[in-house]
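Take a look at the structure set out below.
The values are calculated or read from the model by the stated rules, or taken from the named source; none is laboratory data. This is a predicted model, so every value here is computed, not measured. Reconstructed Cβ throughout: ideal geometry from the backbone, glycine too, with neighbour counts over all protein chains shown.
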Amino acid sequence: MNNQTTVETIRNLLREKNAVLLAHNYQPAEIQDIADLCGDSLELSIKASKTDADIIVFCGVHFMAETASILSPEKTVLLPRSDSGCPMADMVAPDALREKKAALEGVPVVTYVNSSAAVKALSTVCCTSANVVAVVRGMDETELLMVPDRNLAMYAASKMNKTVHLWEGYCPIHDRLTLDDIAKARKDHPEAVLMIHPECRLEVLEKADVVTSTSGMIRYAENSDKTEFLVGTEIGLLHPIQKACPDKRFFPVSNKMICPDMKRISLEDVLNSIETLEGEVKVPEHIRKPAYTAVKRMIDMS
């Protein structure tokens, strides 16, 4: 079956089964192009929860499908590849978090959405890369624990006078971006606006013109009168941002920023998942309810 036939079959099955297809901004271009909705992970889960679809097909990684299940327990959530995981999410386990919470008795836990549902369930509030500063600033407490991304935590801490305990987790893709990469990119494109994702190291973020999430980068580029941009995140974002701004030029800060987990899902995987309804991700209610509380608290604060 060629790609065009596969795409047509997928679209027909989505209609027949009342399903909505979601694609994260880092997914392969051919996946993004057939999706009903593209964007950041939480943004996609919220939008999907507001549809009348019976089935959510989430082209992303496991924690994203879990978040969709948390927000839409009545819907069937499918992840086309069960081996699409997130190394950073795997860096915090529920038992380890329980131990840390006991050691920091009474300290609230701010958990990045890039984490498992079980970890979210142990959290006070969740945050995204877009709203982390607003969430931390909006909390009454002056001392808190942030998991799992140390870089995101250091970024938030740099914006206010609060004690932030770090968890030693990180995104392997964003963490590998260096000052040398920045210097080379600046030299190659001296007129370009440098946009960096807050999962990068603080020393790198301090060199940026703009620090924001993937969807934030798209919105910034759309609204800017500049015409050239350096994109400091996983290179999958180059596809949607160029589509959104066809008259502007975008360059990766580093071509090494490729997430293999975000590139696992193929058109054939999507087709198989919809045909067979395999790859269901369902968060048990005893985990979903407290996880939902942490996510909802964040949404209410944003």
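Leu145 versus (1) in contact (Cβ under 8 Å) with a residue 40 or more places away in the chain; (2) within 27 Å of Asn255 (Cβ to Cβ); (3) buried (at least 19 other Cβ atoms within 10 Å of the Cβ): which is the lone unmet condition?
(2)
Which one of these is under 19 Å from Thr111 (Cα atoms) and surrounded by fewer than 16 Cβ atoms within 10 Å (Cβ to Cβ): Glu168, Glu228?
Selected residue: Glu168, the only one of Glu168, Glu228 that is under 19 Å from Thr111 (Cα atoms) and surrounded by fewer than 16 Cβ atoms within 10 Å (Cβ to Cβ).
Looking at Gly106 and the list (1) crowded, with 21+ Cβ neighbours inside 10 Å; (2) assigned by TED's automatic domain parsing to the domain that holds Thr163; (3) part of a loop (DSSP other than H, G, I, E, B), which single condition is not satisfied?
Of (1) crowded, with 21+ Cβ neighbours inside 10 Å; (2) assigned by TED's automatic domain parsing to the domain that holds Thr163; (3) part of a loop (DSSP other than H, G, I, E, B), only one is false for Gly106: (1).
Would you confirm whether or not segment 265-279 contains a residue that is crowded, with 17+ Cβ neighbours inside 10 Å and among the charged types (D, E, K, R)?
Scanning segment 265-279, I find at least one residue that is crowded, with 17+ Cβ neighbours inside 10 Å and among the charged types (D, E, K, R), so the answer is yes.
Hey, among Met88, Met154, which residue is surrounded by fewer than 22 Cβ atoms within 10 Å (Cβ to Cβ) and within 25 Å of Cys259 (Cβ to Cβ)?
That would be Met154, the only listed residue that is surrounded by fewer than 22 Cβ atoms within 10 Å (Cβ to Cβ) and within 25 Å of Cys259 (Cβ to Cβ).
Quick one: would you say Glu278 is over 27 Å from Pro198 (Cβ atoms), in a helix (DSSP H, G or I) and in the same structural domain as Cys59 (by TED's automatic domain parsing)?
For Glu278, the condition - over 27 Å from Pro198 (Cβ atoms), in a helix (DSSP H, G or I) and in the same structural domain as Cys59 (by TED's automatic domain parsing) - is not met.
For segment 154-263, list the helices (runs of 4 or more DSSP H) that sit wholly inside it and hold at least 1 residues that are within 21 Å of Met64 (Cβ to Cβ); which are they?
So the answer is 172-175, 214-223, 238-244.
Using the structure shown, decide if Lys289 is closer than 22 Å to Tyr26 by Cβ, in a helix (DSSP H, G or I), at pLDDT 95 or above and among the basic types (Lys, Arg).
In short, no.
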